[in-house]
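Colleague: Right, I'll just put the structure down here and ask away after.
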């Protein structure tokens with residue numbers, strides 16, 4: 001077991017969502033890697049209302065028990081794989097809200113992005129990159145984008161093409177390297 005922990009964050013809570021299947025696929029591909037341990041963090045397990053903290057997250061003074069629980073979860077990870085749908089040319093509202101709840105818990109950590117949508121979710125990733133930069137999350141270049149037309153049977157059953165296997169390996173390599181490089185900044 002590694003002392004480096006990476007969360008695969010399921011960025012949708014929508015009924016009939018595809019995100020959990022995508023996140024499970026990422027976790028299956030991470031099995032056997034020795035540089036980090038990967039876990040699923042499903043936003044469906046963290047029912048966060050629209051941001052309701054009275055102070056800015058950068059203060060780190062959280063009032064709500066739901067915020068404290070979310071902060072403790074995120075603080076325990078060294079890096080992240082954000083799995084996001086593309087809704088209206090952006091990420092999901094629930095993922096943006098969950099990210100906005102915290103600040104220091106994200107800082108000096110690394111992230112990678114996996115998306116899905118009619119155009120592979122590329123626009124969701126572009127928005128997430130800007131958000132991550134503001135939160136001092138270093139994001140890696142390699143990303144995975146799954147098309148609802150070619151990687152899902154009948155737009156619902158996740159069946160990614162084999163071309164994604166090499167890319168996910170590169171994504172893990174980059175994420176694990178950057179996560180390790182940032183560790184001294186978090187000490």
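Colleague: In the list 53, 28, which residue meets the criterion of being surrounded by fewer than 20 Cβ atoms within 10 Å (Cβ to Cβ), in a loop (DSSP other than H, G, I, E, B) and modelled with pLDDT of 95 or more?
Modeller: Selected residue: 53, the only one of 53, 28 that is surrounded by fewer than 20 Cβ atoms within 10 Å (Cβ to Cβ), in a loop (DSSP other than H, G, I, E, B) and modelled with pLDDT of 95 or more.
Colleague: If you don't mind, there's one more thing I want to ask. Is it the case that residue 22 is touching a residue at least 60 places away in the same chain (Cβ under 8 Å), surrounded by 14 or more Cβ atoms within 10 Å (Cβ to Cβ), part of a helix (DSSP H, G or I) and in contact with a helix residue (DSSP H, G or I) (Cβ under 6 Å, 6 or more places away or on another chain)?
Modeller: No, not satisfied.
Each row is one residue, and each column tells you yes or no for (1) surrounded by fewer than 16 Cβ atoms within 10 Å (Cβ to Cβ); (2) part of a strand (DSSP E or B); (3) in contact with a helix residue (DSSP H, G or I) (Cβ under 7 Å, 6 or more places away or on another chain).
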{"position": "82", "(1), (2), (3)": "no, yes, yes"}
{"position": "120", "(1), (2), (3)": "no, no, no"}
{"position": "133", "(1), (2), (3)": "yes, no, no"}
{"position": "141", "(1), (2), (3)": "yes, yes, yes"}
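Colleague: Then there's this: From the list 92, 145, 115, exactly one residue is more than 16 Å from residue 75 (Cα to Cα), in contact with a helix residue (DSSP H, G or I) (Cβ under 9 Å, 6 or more places away or on another chain) and touching a residue at least 40 places away in the same chain (Cβ under 8 Å). Which is it?
Modeller: Among 92, 145, 115, only 92 is more than 16 Å from residue 75 (Cα to Cα), in contact with a helix residue (DSSP H, G or I) (Cβ under 9 Å, 6 or more places away or on another chain) and touching a residue at least 40 places away in the same chain (Cβ under 8 Å).
Colleague: Quick check on this structure: which one of 161, 130, 169 is in contact (Cβ under 8 Å) with a residue 24 or more places away in the chain and either closer than 19 Å to residue 12 by Cα or out of contact with any strand residue (DSSP E or B) (no Cβ under 7 Å at 6 or more places or on another chain) (or both)?
Modeller: Only one candidate qualifies: 169.
The values are calculated or read from the model by the stated rules, or taken from the named source; none is laboratory data. Predicted model, so just to flag it, every value in this text is computed and none were measured. Neighbour counts run over all protein chains shown; Cβ positions are idealised from the backbone, glycine included.
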